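*Asks:* Below is the structure I would like to discuss, written out as C-alpha cells.
Each value in this text was obtained by applying a stated rule to the coordinates, not by laboratory testing. Worth saying up front: this structure is predicted, and the values here are computed from it rather than measured. Backbone-built Cβ (ideal geometry, glycine too); neighbour counts: all protein chains shown.
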Amino acid sequence: MLSDRSNADRQAAVDKHKENEADEPLIKTGFDPLASIFVAQQHRPANFQDLNLRTLSPVERALLVIDGTVTRFLEAYMMEPIDIVRLGETRELLRKPHAWLKLDKGGKVVSRRVLLRGKYSDRIYASAASLVVPYRVKQAVQPVEEHIPEGLGRMLLNGRTEQYRELLWYGKEPASDLPGEMRSLASECSMVRTYRIIVRGEPAMMITEWFELGSEGLPVQQ
C-alpha cells in the first residue's frame, strides 16, 4: 500500500512538471543567443536555409559566434596547426555598388577562396570565400605586399590594427550552391556564416565561411 502511494506521488510530481513546461514554452524554447549578434540576418541570401541551433554541437555553435580568427580557434581545439590553402584569387572590378563593403560600381576588390586544412591530419575543417578591398587592407598591414597574404585576419590581429568583425548572417547551405572548387569538397549540407571586417572605420573584407555539419566534421580530440 505504501509503495503504491509513493508511486502515485511520483507520478503526480511528473505530471505537474509537464504542466509547468507547457505553461512556460518561452522559457524552454524562446531563447535565441544569436538574435543580437548577427546584425543583418533578415538580409541573408535566399538560398540560405534555417539552422536549428539546438541540433548543433557546442563547438559548432562556438564557430558561429567567434569573432577572432577561426584558424586560432581550430588550432587550439584540434591541437594541430592549420594550413590555409589557396584555391583561387582574382582581381575584379565591381559590376554594381556593394552596400556591405561601401564601394561604388567599378571599385577594385580581390576575390579569394581558401580551405582550412589540418597540417597533421590533412583534414579539411572549413572553406571560405572573401571579397577584399586591397587599399583599405594595405593601409593597415605593413609591409605592403603585392598579393593578399593567406593569414590576413591573423596578421591584422597580430599587428594590433584597429579592427573588428561584424557578424551579418548565418544558416545552412546545400553543397550544390557552393562556389566552384568547394562544391566537391563539401558534405551534403554545410553550416555557413558571413561577416565583414571593419578596419579603421571602413569595411575592408567580407567573408563567408562554410563548416561541415555533424560529428564527423569536427571530432573531439581525446
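*Asks:* Based on the mean of other Cβ atoms within 10 Å per residue, sort peptides 59-65, 98-104 so the most packed one is first.
*Replies:* Working: 59-65: 17.1, 98-104: 15.1.
Ranked by mean Cβ neighbours within 10 Å, highest first: 59-65, 98-104.
*Asks:* Multiply the residue separation of Gln42 and Met79 by 0.36 nm, subtract the distance between their alpha-carbon atoms, and state the gained length in nm to one decimal. Before the final figure, lay out the partial values.
*Replies:* Numbers: separation 37, 0.36 × 37 = 13.32 nm, distance 3.61 nm.
Value of the extension gain: 9.7 nm.
*Asks:* Next question, about the same structure. Compute the signed sum of charges (Lys and Arg +1, Asp and Glu -1) over the other residues within less than 15 Å, Cβ to Cβ, of Asp104. Don't jump to the answer; show the numbers that get you there.
*Replies:* Numbers: positive: Arg95, Lys96, Lys102, Lys105, Lys108, Arg136; negative: Glu92, Glu202.
Result for the local shell: +4.
*Asks:* What net charge do the residues around Thr194 carry, taking every other residue with its C-beta under 12 Å from that of Thr194, with Lys and Arg at +1 and Asp and Glu at -1?
*Replies:* Working: positive: Arg44, Arg165, Arg193, Arg196; negative: Glu166, Glu173, Glu209.
Local net charge: +1.
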